[in-house]
Amino acid sequence: MIIRSRYGLISLILAMLIGLTVFFGSMPTRAQSGGAEQAVAIAAAHPAFAPLLDSQPGWKGGAYFTHNAFAIWRVDFWDTSGESLGWAHVNLEKGLVYSWESYYRLSDAQKQIGQKAVADFIRGSAEVKTMLGDLDLDEIYIEYNPEWNVWFGWSYQQGTTIEFRVQFGDESRLSYTQPTLLGVSFPDVISYPEWLEGQKADAITVAFTSAEIAGKVRAHEGWRAEAVSTDEGVFVITFKAGDQVIGTVTVNLTERTIIESQMP
């Protein structure tokens, strides 16, 4: 009994020591305790946030220690209405902001300055001129996406909508001296799968220009058509009713003609 009691006492002591180790191991170090204000201050001074917070009187910030392997603090900012202004990952010991997202909600005056800088850049861009030639770009509708930090411009030219994407490389999002053209695209241009489905539907329409083919197909309730592209502009259309094949038609969509029909 005495021996068992000793083992029981030893087990109890070990359990208490392990519990204390776990408890104190989870406690913040001196560098961690009280570090929230310091983490917020480091992030707030970063060029990605300083101009933004200056434009947001009454902004608030909060931070917590993540306990991850790299001693990172998570910092969040929000405005007086509770809308997020962004977040940052901060290391106190190094005084560094590792990563961030800042959400600028520009005032009308700030937006107008940015819009003018974007418009002037697009109009004077040699890259745009190489792509599109000489265009009258007097009218460009411009908007800013704060989450992407990208300016979008749209202009309607020769029956086509053109979209410009511009980003500035300045440290402050309220400075517009380092523009980069991210791309010129055409919103009206559909994807290849969408285009191909449209081509198939058009090929079926061409097949139905034959009254004989249309009559034989429509004589089957619940018919359906499957079109496969075999060559550029050439589609083979298989008409079915359930598992039964009604017939096949080969269409040249470029010439909008029926090349071959096998309709028993």
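The values are calculated or read from the model by the stated rules, or taken from the named source; none is laboratory data. From a predicted model like this one, the values you see are computed outputs, not experimental measurements. Using ideal geometry, Cβ is built from the backbone for each residue, glycine included, and neighbour counts are taken over all protein chains shown.
Hey, can you tell me all the residues within segment 231-254 that are in contact (Cβ under 8 Å) with a residue 12 or more places away in the chain and exposed (fewer than 13 other Cβ atoms within 10 Å of the Cβ)? Across segment 231-254, the qualifying residues are Glu232, Gly242, Gln244, Thr254.
Would segment 131-153 turn up any residue that is among the polar types (S, T, N, Q) and either more than 24 Å from the chain's Cα centre (by Cα) or in the same structural domain as Phe49 (by TED's automatic domain parsing) (or both)?
No, there is no match, as no residue in segment 131-153 is among the polar types (S, T, N, Q) and either more than 24 Å from the chain's Cα centre (by Cα) or in the same structural domain as Phe49 (by TED's automatic domain parsing) (or both).
Within segment 206-235, being closer than 12 Å to Ile258 by Cα and assigned to a strand (DSSP E or B) holds for Val234, Phe235. For the subset of segment 94-103 comprising residues that are at pLDDT 95 or above and of a type outside the set (Phe, Trp, Tyr), which member is farthest from Ser55 (Cα to Cα)? Among those residues, the one meeting the criterion is Lys94.
Looking across segment 141-177 at every residue that is touching a Leu at 6+ places or on another chain (Cβ under 8 Å) and not aliphatic (A, V, I, L, M), the one that is surrounded by the fewest Cβ atoms within 10 Å (Cβ to Cβ) is identified as Gln157. Residue check: Ser55 meets all listed conditions (1) out of contact with any Leu (no Cβ under 9 Å at 6 or more places or on another chain); (2) of a type outside the set (Val, Ile, Thr); (3) closer than 17 Å to Tyr103 by Cα but one, namely (1). May I ask you to verify whether Phe70 is at pLDDT 50 or above, surrounded by fewer than 13 Cβ atoms within 10 Å (Cβ to Cβ) and either not in a helix (DSSP H, G or I) or not assigned by TED's automatic domain parsing to the domain that holds Gly86 (or both)? The answer is yes for Phe70. Any chance you could count how many residues in segment 157-198 are part of a strand (DSSP E or B) and under 20 Å from Asp120 (Cα atoms)? Of the residues in segment 157-198, 16 are part of a strand (DSSP E or B) and under 20 Å from Asp120 (Cα atoms). Ala126 meets all of the listed conditions (1) closer than 23 Å to Ser172 by Cβ; (2) modelled with pLDDT of 95 or more; (3) small (Gly, Ala, Ser) but one, namely (1).
Suppose we filter Ala50, Ala39 for residues that are of a type in the set (A, V, I, L, M) and modelled with pLDDT under 95; which single one remains?
Numbers: Ala39 fails: modelled with pLDDT under 95.
Answer to the check: Ala50.
Applying the criterion of being at pLDDT 95 or above and of a type in the set (Asp, Glu) to the residues of segment 222-264, the residue that is nearest to Tyr192 (Cα to Cα) is Glu226. When residues in segment 120-147 are screened for being in contact (Cβ under 8 Å) with a residue 12 or more places away in the chain, under 30 Å from Glu101 (Cα atoms) and out of contact with any Asp or Glu (no Cβ under 9 Å at 6 or more places or on another chain), 10 of them pass. Of the residues in segment 185-206, none is in contact with a helix residue (DSSP H, G or I) (Cβ under 6 Å, 6 or more places away or on another chain) and aliphatic (A, V, I, L, M). Here Val75 fits the description: within 27 Å of Phe168 (Cα to Cα), free of Cβ contacts under 8 Å to residues at least 40 places away in the same chain and outside the structural domain of Ser172 (by TED's automatic domain parsing). Within segment 213-263, the residues that satisfy the criterion of being aromatic (Phe, Trp, Tyr) and over 12 Å from Asp202 (Cα atoms) are Trp223, Phe239.
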